[in-house]
Amino acid sequence: MPEDVQGTHDPRFAELREVFAEHLAGDEVGAAIAVDVDGETVVDLWGGHADAARTRPWQADTLVNVWSSTKSVTSLAALVLVERGLLDVFAPVADYWPEFAAGGKEHIEVRHLMAHTSGVAGWERPFALEDMFDWAHATGRLAAQKPWWEPGTASGYHAAAQGHLVGEVVRRVTGVPLKQFVREEIAGPLGADFQIGALPQDAGRVAEIIPPPPLPVDLGSLDPDLPVVKTFTGPVLDAARANDADWRAADLGALNGHASARGLARILSPIARGGTANGVALLSPATIDLIFQEQARGVDLVLGVPLRWGIGFGLPEPATLPYLPDERIAFWGGWGGSMIITDPARRLTIAYVMNRMAPGIIGSDRSAAYLTAIYQALT
């Protein structure tokens, strides 16, 4: 076994470790995998390097930008407010954020933001990546827009905007920024090594993001009014920006969560464990059930592949992710391949994080290989 693989695992997961070692010797640079079963960490593996030059070994506490896996934690924040009786996902967004009613959006409900069906999938152009860092400006722009399709009729992935949309609802309800609420009310109590953004004192343990190949789609050749074009050009994302201090300082609930695999698994584990983890009760079974109320199923207007959405999470869609069991599972992943899976029937939470981004938006060949090995070990 290559020395590059560090950590521990239950004997059932010996094949997973082999698969991980093969990828660390090939297409991974640095990565980590964590598997939690009912509060027991049965897999805690890491290896490789935290930088492209391969001079910094990946450590047990290395953090990495997990891109859209962050959205799962932002959704969890909203569900915690539901549990506390402070938020109703079936209420109009404008009940909490009155300015959002502009542009014919008065009937859009909170669940539509969480399920990517609101029609507000991005910002109207011109809108630069740096504009996302100004919370008041970015949320004000979203509040003023008209939806790009009839809300509730289809999903269109809210790639960069969902963190501001749901995050502003969280801020209006609680009076504190999203990343502060996550830090103080969720990650802190759970002891989860997860944060939206990354504190300056943690800079030394943050892995360098290695961008993926360009997307195989020439957006310039498409109708500029298509949701996919508007979403991915408002703003245009540059993966290398995740390595910059201003990115890490921002509150981007759709994009800039930083975590270890263990931390990502810990913070989402209450969903798989009946709502309570580490003695902290965050959700009731009734609130967890909301996640599994299907909101949309079909070809996503932005990603162009079949997707199923519950409230705040993706649900299994065999046509797109055949390696994920078609069961009562809630999940999502990040650009380049990071993944978070919560499986209440097995009381199972799986997290995979990495710094070398693979092609594509949802999962990768690597995450597929790891998830396949994990579910085989469990059966």
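The values are calculated or read from the model by the stated rules, or taken from the named source; none is laboratory data. This one's a predicted model, so the numbers in the text were calculated from it and none came from an experiment. For neighbour counting, all protein chains shown are included, and Cβ atoms are generated from backbone atoms with ideal geometry for every residue, glycine included.
Numbers at a glance
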quantity	calculated
Residue tally, condition under 21 Å from A281 (Cα atoms) and touching a residue at least 12 places away in the same chain (Cβ under 8 Å), over the stretch 173-221	17
Neighbours by Cβ (under 8 Å, 6+ apart or cross-chain): first from the stretch 280-293, within 11 Å of G312 (Cα to Cα); second assigned to a strand (DSSP E or B)	I291/A330; F292/L315; F292/A330
Among (1) over 28 Å from P285 (Cα atoms); (2) of a type in the set (S, T, N, Q); (3) surrounded by fewer than 22 Cβ atoms within 10 Å (Cβ to Cβ) - the single one T372 does not satisfy	(1)
Long-range neighbours under 7 Å by Cβ, at least six apart or interchain, first residue more than 12 Å from N65 (Cα to Cα) within the stretch 318-344, second surrounded by fewer than 24 Cβ atoms within 10 Å (Cβ to Cβ) and among the acidic types (D, E)	P318/D326; I329/D343
Residue ranges of strands (runs of 3 or more DSSP E) in the stretch 1-50 with at least 1 members modelled with pLDDT of 95 or more, more than 16 Å from A377 (Cβ to Cβ) and aromatic (F, W, Y)	40-48
First in the stretch 128-142 and among the aromatic types (F, W, Y), second anywhere and assigned to a loop (DSSP other than H, G, I, E, B), Cβ under 9 Å, 6 or more apart	F133/A250; F133/D251; F133/L252; W135/P177; W135/A250; W135/D251
Looking only at the stretch 265-299, and only at residues there that are buried (at least 24 other Cβ atoms within 10 Å of the Cβ) and either at pLDDT below 95 or not hydrophobic (A, V, I, L, M, F, W, C) (or both), the one that is farthest from S75 (Cα to Cα)	R266
Subset of the stretch 269-281 (residues that are over 18 Å from W332 (Cβ atoms) and among the hydrophobic types (A, V, I, L, M, F, W, C))	A277, V280, A281
Residues of the stretch 312-356 classified as closer than 21 Å to W58 by Cα and among the acidic types (D, E), total	0
Scan of the stretch 25-71 for residues that are without any contact (Cβ under 8 Å) to a residue 60 or more places away in the chain and of a type in the set (V, I, T), ordered by number	V42, T55
Complete set of residues in the stretch 347-368 that are surrounded by fewer than 18 Cβ atoms within 10 Å (Cβ to Cβ) and either outside any loop (DSSP other than H, G, I, E, B) or not basic (K, R) (or both)	P359, D365, A368
Residue that is farthest from Q295 (Cα to Cα), among those in the stretch 72-100 that are assigned to a helix (DSSP H, G or I) and free of Cβ contacts under 8 Å to residues at least 40 places away in the same chain	P98
Residues being surrounded by fewer than 18 Cβ atoms within 10 Å (Cβ to Cβ) and either among the hydroxyl-bearing types (S, T, Y) or out of contact with any Pro (no Cβ under 9 Å at 6 or more places or on another chain) (or both) - total across the stretch 319-332	3
Exclusive hit being within 20 Å of the chain's Cα centre (by Cα) and charged (D, E, K, R), set K179, K230, K146	K179
Those residues of the stretch 101-124 which are assigned to a loop (DSSP other than H, G, I, E, B), hydrophobic (A, V, I, L, M, F, W, C) and touching a Phe, Trp or Tyr at 6+ places or on another chain (Cβ under 8 Å), in sequence order	I108, A115, V120, A121
